Each structure stands twice: as structure tokens, then as C-alpha cells.
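Chemist: First the structure, which I've put down as C-alpha cells, then a few questions once you've had a look.
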Amino acid sequence: MIRSAQRTERVAVVGAGVVGACVAWNLSRQGAEVVLIDAGRPGEGVTNWSFSWANASNKTVTRAYFDLNVAGMEAHRELAGTVGPDAWWYPSGHLRWADDPAAESKLLTTAGLLAVWGYRTEVRTGAEVRRRLEPALAVRDEAAVVFYPDEAWVHGRHLVGRLVEEADACGAELRSGTAVRDIGTGSDGGVGSVGLADGTRIDVDVVVNAAGPGAHAVAALVGRELPMRREPGVVTRLGCARVPVHRAMHAPHVEIRPDGDGSVVLHSREVDALIDTEQGPADLARLLHAEARHVVPELGDSRISRTRVVERPIPADGFPSVGAVPSVPGYYEAVTHSGITLGPVLGRLLASEILTGKSDDLLTGFHPERFSG
Ligand SMILES: Cc1cc2nc3c(=O)[nH]c(=O)nc-3n(C[C@H](O)[C@H](O)[C@H](O)COP(=O)(O)OP(=O)(O)OC[C@H]3O[C@@H](n4cnc5c(N)ncnc54)[C@H](O)[C@@H]3O)c2cc1C
């Protein structure tokens, strides 16, 4: 059973990362009474330790997932038009290249598929990229470099800050620094209240679980098992006098993007694979830094400023879990990897589902009930 708009008096959104902030903003601007609760500070969870690349080129595993991510990119552009791009939205495209023939051929095959699916894709040479886009790159002149002009990077923490501000202006309440410890039952056996670590209890009709990597623990508060994968990642920030790159890129062995004034973010799936070995975060950061200096020699002058190992919030089958859980009236999930790309579209679609009782076709295949029973 999905509760109707008339019954929705108060919504608790658990988690003020990019996903929860997008849900809270969409609900509050449509008149719902929202309380946004975070155990820590808004935007300082995984959202602040993400490569933060808004894309669909890396989402070709199924057509439905690709389409959802394309909608995510479109929702970002709309959001930038509505709340302003401020310091969060950087639509500068994305570069990707490889350093061995097999990987290059795979990259070009994917680019070909994406072009057939109507995704804007350009194949350039390394020399051209250096001349026109990124003069600081040490890329071979003849390398094939794929450029996805519609992709972007997002400053997740700034985006959350902006949305929390906008939600506040629409009457939403923020409770930060206190975790949701229990979810009480209402008269119909569904959601009735949330109990916080600071001892307060808030009566609500709806709870949205947007707790990122903590989502399985919040699901357990309503007796639900939300299976999630363990897939940690390591992200390093560099401090540099001048940021020598203008956009996000997948170079061989390392991903690099600007992060605002005097800062660059590094990540690599190859380095993530070393997280559970004897190498600590500082060793992994040094590996990332060495790979990045190889691609952008000017980063030789940079220094490692902060490194964090974080868990990706990934439901067990790798796809988002978004929408109502019919067996627990009033309880909804918004749990996903690629939450930077997907946050704005999922926030819009889930708010609409909560307020109208209807789920959008884009969410078919991503409903939480696939994990029930
Ligand atoms: C290494 C790495 C690289 C990534 N790269 C990309 C990328 O390039 N593009 C992309 O789209 N995505 C990427 N992602 C994924 C993306 O960052 C996440 O999907 C997204 O940030 C998740 O946002 P969230 O709001 O769900 O979680 P979070 O930002 O973690 O927010 C959840 C919040 O819930 C709070 N919380 C938890 N439990 C409770 C509780 N009981 N009570 C109250 N509050 C609670 C936490 O304090 C936290 O602030 C990457 C992730 C990683 C780890």
C-alpha cells in the first residue's frame, strides 16, 4: 500500500547526502513538510568522497540503467537552471583514453555503441586534445581519446549545501549531528515516527531511507533486509598552486578531476583493489599521486592533502533501490551507487511517487521490492 498525498503530513528523509538532499528539496518545494536528518553534517558522507563524474558512458550494462543515467544528466542541467550552477556544476565534458591496444579497442567499441544510442561522442587524437582542451596532459600524439562533451563533474558538498538552503527556504527542517535510531509504527502498522540519538521523537507519515552506505542499518529498523555489496573506494585530494586540468578524465590507471580552487581529486579502480591488502590509505594515496604525475607532469608540484577510504552505497545487484516498500506503508528507499549522476532525477521521481502514489516508468526494474522475501 502506498499512502496518498492527502495522508502525507510529515516526511523524514534519513541522510543528507546528495540523494537525500535531492529528495528533500523536491518534496519541500511541492509543499510537503520535510525533516532532513543526518548523523553527521550535510554532504560530508560518500558525496564528499566521490569521483563525482556525472555520466552515462560508464553505464551501458543495461539499456534501462543507461537511460536512467541520461535522465540524471538532464536533471542536473535542469537543476542548474533552477537553483543556479553556483560552485557545484562543471559541465566541461569528459576525456577517456587507454595505453594498450586491447583497452583502446574496447573503449572505441563502447563509444560506437553510445553513438548508436544517440549519446554525443567525439573521438580525437592526443595531439588535438593537448592543443584544444588540456595542454598539460602527457598523452601520446596518436592516441585515440574519446571526448564526451555532455558529461560533467559535480562538487557534491556544494550541491548538497545549495539544496539544503533551498529546502530550508521552502520550510524544511534540518536536524544534523543526530542519527535515526528507531522507526516507530503507526496505527496501520506502517511508519509512525522516528526516534533520534539525541532522545527526541518526531511523528511522521513517511520515512525515506537515503542513508547511503548506512542504508541497510536503517532498513533493518523497519525489519527489512536490504542486501548491499561491499565495494570500498579510496579518494585523494591534492593541493596545488594552480589546477592544471580543466575537466574530469579517465587516464590509463588513474582518474583525475579539478575540485575547485587549488585542489584536484584522484581515484582509480586499480588502487581500490588494493584496499584490503597490507597497504594503508597513505600508501594508496602515494600510488594515486604517482600515476597522476605521470599523466600530468605539472602535478609534480602538488601535495597530498586528504585521503579517505569509503564504502560505495550499492544494493547487492549493483542497481538502485528506489521507491516504496509495499509491505511497510510509508517506508521508501533511495539507495544507489552513481548517486552523483542520479541524485537529481531520483529525487524528482521519488518525490513524485510519494506525493502521487505513482511510480515513473524510468524506475521499472529498480524497485526495492525485488529484494523482498
Ligand atoms: C570512490 C567512489 C567514486 C565514485 N564515483 C562516482 C562518480 O564518478 N559518479 C557518480 O555518479 N557516483 C560516484 N560514486 C557514488 C556516489 O558518490 C554515491 O552514490 C553518492 O555520493 C551517494 O550519496 P548518498 O546521499 O546516498 O550517500 P552519502 O553521501 O553517504 O549520504 C548519506 C548520509 O546518511 C547519513 N546517515 C547514515 N545513517 C544515518 C542514520 N541512521 N541517521 C541519520 N543519518 C544517517 C550519513 O551521515 C550521510 O551523510 C562514487 C563513490 C565512491 C565511493
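Read-outs throughout are calculated quantities, based only on the coordinates presented, and are distinct from any laboratory measurement. Computed from a predicted model, the values in this text were never measured in an experiment. Neighbour counts run over all protein chains shown; Cβ positions are idealised from the backbone, glycine included.
Chemist: What Kirkwood Rh does the chain have if only Cα atoms enter the pairwise 1/r average? Answer in Å.
Modeler: Every distinct Cα pair counted, the radius reaches 21.3 Å.
Chemist: Helix-only estimate, please: 222 nm mean residue ellipticity of the chain, summing -39500 (n - 2.57) across DSSP H runs of length 4 or more and dividing by its residues, to the nearest 500.
Modeler: The helix-only estimate for the chain comes to -9500 deg cm²/dmol at 222 nm.
Chemist: Please report, in debye to the nearest 20, how large the charge dipole of the chain is about its Cα centre when each Lys and Arg carries +1 at its beta carbon and each Asp and Glu carries -1 there.
Modeler: 280 debye
Chemist: Round to a whole angstrom and tell me the spacing of the C-alpha centers of the range 171-250 and the range 25-80.
Modeler: Each part's Cα centre sits 14 Å from the other's.
Chemist: Let me ask something else about it. Report, to the nearest 10°, how far helix 101-116 tilts away from the longest principal axis of the Cα atoms in the chain, using its own Cα long axis and a range of 0 to 90°.
Modeler: 50 degrees
Chemist: Give the value in nm², to one decimal: projected area of the alpha carbon convex hull of the range 1-160, averaged over all directions.
Modeler: 12.3 nm²
Chemist: Mind pulling up the Rg/Rh value for the range 1-91? Radius of gyration and Kirkwood radius, both on Cα.
Modeler: Here the Rg-to-Rh quotient is 1.01.
Chemist: Mind checking the angle between helix 281-295 and the chain's longest principal axis? C-alpha axes, 0 to 90 degrees, to the nearest 10.
Modeler: The angle comes out near 50 degrees.
Chemist: Next question, about the same structure. Would you order Thr307, Thr178 from fewest to most other beta-carbon atoms within 10 Å of each residue's own beta-carbon? Numbers along the way, then the final one.
Modeler: Details: Thr307 21, Thr178 15.
Lowest to highest Cβ neighbour count: Thr178, Thr307.
Chemist: Give me Arg257, Arg242, Arg293 sorted ascending by neighbouring Cβ count inside 10 Å, so fewest comes first.
Modeler: Going from least to most buried by this count: Arg242, Arg293, Arg257.
Chemist: Between Ala115, Ala169, Val204, whose Cα lies farthest towards the positive end of the dipole of the range 86-205 when Lys and Arg beta carbons carry +1 and Asp and Glu beta carbons carry -1, centred on the Cα centre?
Modeler: Ala115
Chemist: Over the Cα atoms of the range 273-373, what Rg and Dmax result, in angstrom?
Modeler: Just the Cα atoms of the range 273-373 yield Rg and Dmax of 19.8, 56 Å.
Chemist: Relative to the first principal axis of the alpha-carbon coordinates of the chain, what is the inclination of helix 156-169, with its axis defined by its Cα atoms, in degrees from 0 to 90 and to the nearest 10?
Modeler: So the inclination is approximately 30 degrees.
Chemist: Here's another thing I want to ask about it. About the Cα centre of the range 1-142, how large is the charge dipole given +1 on each Lys and Arg Cβ and -1 on each Asp and Glu Cβ? Please answer in debye to the nearest 20.
Modeler: Its charge dipole is roughly 300 debye.
Chemist: Taking +1 at the Cβ of each Lys and Arg and -1 at the Cβ of each Asp and Glu, which of Ala144, Ala64, Phe319 sits farthest along the dipole of the chain towards its positive end, judged by Cα position relative to the Cα centre?
Modeler: It is Ala144.
Chemist: Summing +1 for each Lys or Arg and -1 for each Asp or Glu, what net charge is found among the other residues whose Cβ lies under 11 Å from the Cβ of Pro85? All intermediate terms of the calculation are to be shown ahead of the outcome.
Modeler: Values: positive: Arg77, Arg162; negative: Asp86.
Value of the local net charge: +1.
Chemist: If you wrap a convex hull around the alpha carbons of the range 166-205, what volume per residue comes out, as a whole number of Å³?
Modeler: Each residue corresponds to 78 Å³ of Cα convex hull volume.
Chemist: Quick one: which residues, 5 or more positions from Val222 or on another chain, have an amide H under 5 Å from its amide H? H modelled 1.01 Å from N in the peptide plane, none for Pro or chain starts.
Modeler: Placed amide hydrogens put nothing under 5 Å from Val222.
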